[in-house]
Amino acid sequence: MAKKARRKQLKSARKRKAAKVKAPRQRAKLRILADTKATQGALRQLTNVEIEEVFRRFKAANPEPKGELQHINPFTLLVAVVLSAQATDAGVNKATPALFALADTPEKMAALGEAKVRDLVKTIGLYRTKAKNVVELSRRLVAEHGGEVPRTREALEALPGVGRKTANVVLNIAFGEPTIAVDTHIFRVGNRTGLAPGKTPLEVEQKLEAVVPAKYKSHAHHWLILHGRYTCVARKPLCEVCIIADLCQWPGKTALQK
């Protein structure tokens, strides 16, 4: 009986429909009210069947999603993620080719020195602090890890400028760990859709870890961040072209066409 009910629910979930666009002024007001409710973690969490369908669609649309930060190896990935804090991937990608051409290992980065690194990344926000952290973490990698990027969250978070989000990105992309790094995009998507309502990034991360089916976990981070970056955007979400609009719980969502 339970299997029959699940099949019925799944069949219903797959009957997705397009969404209409409301008038801009009406939509803006609705979005603000709806996002206030969403960020309080107050929306209904999707069922396991609905969550399975969300990721089935993500996979069908983009089977092998990739991160957008340019890097050469685990070390340059770590540096790029540290530089990307409160900055765009595109902005970081403009600065790092020249940096990585000179220093693609911790030894070379430490030898390059803070002043030179600062000059190379000065187009990135908070570049002074980031340059200091990049050089210091490079020295620490050489002194404490034999010049290798550690493969545990604890060891990564002990490095200057590396928090939980950065550690999760490195573990996922460099080492294939099924971690989910919750940035502003994933926090928004988790709350708006009902995939993982939570008041803090850690709460959203823990819920996603619990509900994302194992077969989708290795790519879940990328699917969610890309969805938040290009479809479920902050100011004008593109509900009318969203592939999971019919499953989404966000009250600011545009009305579905019948």
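Where a number appears in this text, it was derived from the coordinates with a stated rule and is not lab data. All values reported here derive from a predicted model rather than from experimental measurement. Positions of Cβ are backbone-derived with ideal geometry, glycine not excepted, and every protein chain shown enters the neighbour counts.
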- Percent relative contact order of the chain, based on C-alpha pairs within less than 8 angstrom and at least six residues apart? 31
- Query: On a 0 to 90 degree scale, rounded to 10, what angle separates helix 217-230 from the longest Cα axis of the chain?
  - Reply: 80
- Query: Counting pairs of alpha carbon atoms under 8 Å apart in space and at least six apart in sequence, what relative contact order in percent does region 185-253 give?
  - Reply: 37
- Normalised per residue, the volume inside the convex hull of the alpha-carbon atoms of the chain in Å³ amounts to 129
- Message: Ignoring everything except DSSP H segments at least 4 long, calculate the 222 nm mean residue ellipticity for the chain; use -39,500 (n - 2.57) per segment, divide by total residues, nearest 500.
- Response: -18000 deg cm²/dmol
- D for region 98-151, whole µm²/s, Stokes-Einstein with Kirkwood Rh over alpha-carbon pairs at 4 °C and 1.567 mPa s: what number? 117
- Note on the structure: In whole percents, the bins of 5 Å from zero upward hold the Cα-Cα pairs of region 126-193 as 3, 17, 21, 22, 18, 11, 5, 3, 1
- Item | Dipole-positive endmost among Pro160, Gly91, Asn133 within region 74-175 (Cβ charges, Cα centre) | Gly91
- Query: Ratio of Rg to Rh for region 194-258, alpha carbon only, Kirkwood?
  - Reply: 0.97
- Note on the structure: Nearest 10, in degrees from 0 to 90: the angle of helix 201-211 to the longest Cα principal axis of the chain is 60
- Going through Lys37/Lys94; Lys59/Lys253; Lys37/Lys130; Lys122/Lys165; Lys94/Lys165 one by one, the pairs whose alpha carbons sit over 30 Å apart turn out to be Lys37/Lys94; Lys37/Lys130
- Item | Within the chain: Cβ-based charge dipole about Cα centre, in debye rounded to nearest 20 (Lys, Arg +1; Asp, Glu -1) | 2020
- Note on the structure: Length gained, Thr129-Asn62, 0.36 nm per residue minus C-alpha separation, equals 20.5 nm
- Query: Taking 0.36 nm per intervening residue step and subtracting the Cα-Cα distance, what contour gain separates Asp104 from Ala234 on full extension?
  - Reply: 43.3 nm
- Query: Under 15 Å Cα-Cα from Lys199, which aspartates and glutamates qualify once same-chain neighbours fewer than 8 residues away are excluded?
  - Reply: Asp35, Asp183
- Write down the Kirkwood hydrodynamic radius of region 74-175, to one decimal in angstroms, obtained as one divided by the mean of 1/r over all alpha carbon pairs. 13.1
